[in-house]
1. On a straight-distance basis, which aspartates and glutamates could pair with residue 40 in a cross-link, Cα separation under 17 angstrom, same-chain partners fewer than 8 positions away excluded?
2. In debye, nearest 20: dipole of segment 1-47 around its Cα centre with unit charges on the Cβ of K, R (+) and D, E (-)?
3. For n ≥ 4 DSSP H runs only, could you compute -39500 (n - 2.57) per run for the chain, divide by its residues and tell me the 222 nm figure to the nearest 500?
4. So how do 10, 49 line up by other beta-carbon neighbours within 10 Å, fewest first?
5. Put +1 on the Cβ of each Lys and Arg and -1 on the Cβ of each Asp and Glu in the chain; which of 166, 150, 23 then has its Cα farthest toward the positive end of the dipole?
6. What is the dipole size for the chain, taken about its Cα centre, with +1 at each Lys and Arg Cβ and -1 at each Asp and Glu Cβ, in debye to the nearest 20?
7. Work out the FRET efficiency for residue 103 and residue 45 from their Cβ-Cβ distance, taking R0 = 25 Å, and round it to the nearest 0.05.
8. Note down the nm distance, to one decimal, between modelled labels 7 Å out along Cα→Cβ at residue 29 and at residue 88.
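Just so it is clear, none of the values below were taken in a lab; they were calculated from the coordinates. Please read all numbers here as calculations on a predicted model, not as lab measurements. Positions of Cβ are generated from backbone atoms using ideal geometry, with glycine treated the same way; all protein chains shown enter the neighbour counts.
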Amino acid sequence: MTSGRFKKEDWLALGAKRLAEEGSSALTIERLTAAARRTKGSFYHHFADRDAFLRALMERWRVQAIDVAGARFAQDASHKTWRKLLRAGVFEIDFRFEREVRRLAASEPIVRAVLQEVDYSRIHGLACLLTQMRPDIDDPQAFACIQYATVIGLQWLIDDPSDPRAFAISRVGNRLFGLDEPEES
């Protein structure tokens, strides 16, 4: 990242990495420019201020968490594929980054607004999938909320999705939430 022009996406990737690794204290302009080995002028070329940077960082995450992730489900509407994507999706989430986003949301309204949008969209999308996949569920919205809360809780209990406990917890969760059920004819 130190050679050539530092692009807006480079700043956002650096911010996401630093947030995940060091927490919100790493998101000062001084710390970001030091980590990037760039001047404040380089930062200000892309962002008016720290709030503009946070908005862009959260929008980048929102697009990845909602738009990109949701597009996978639209590509193949088979229940078998949806179950596979739901099982794998938990391990595609950057636990450390999302945990730090939740911490930062406590003090930053910009972050809190995007976090609420992501949470709502994920739960709503999951409820829509469950409506199609599990007609036996009386309240798919409540079921989706419980399932999502389980994933969010897992982020606080396990630092890294490659933790050996994650696989065992995932297996139990898949059975509990019916993600391993065979396709019915």
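1. Residue 40 reaches 9, 10, 30, 49, 51.
2. Numbers: 9 positive and 5 negative charges, 40 e Å.
With only Lys, Arg, Asp and Glu charged at Cβ, the dipole is about 200 debye.
3. Values: 10 runs with 131 residues, N = 185.
That comes out to -22500 deg cm²/dmol.
4. Working: 10 16, 49 11.
Going from sparsest to densest Cβ surroundings: 49, 10.
5. 23
6. On the way: 28 positive and 27 negative charges, 161 e Å.
Here the size comes out at about 780 debye.
7. On the way: r = 29 Å, r/R0 = 1.15.
Calculated value: 0.30.
8. Each label point lies 7 Å from its Cα, and together they span 4.2 nm.
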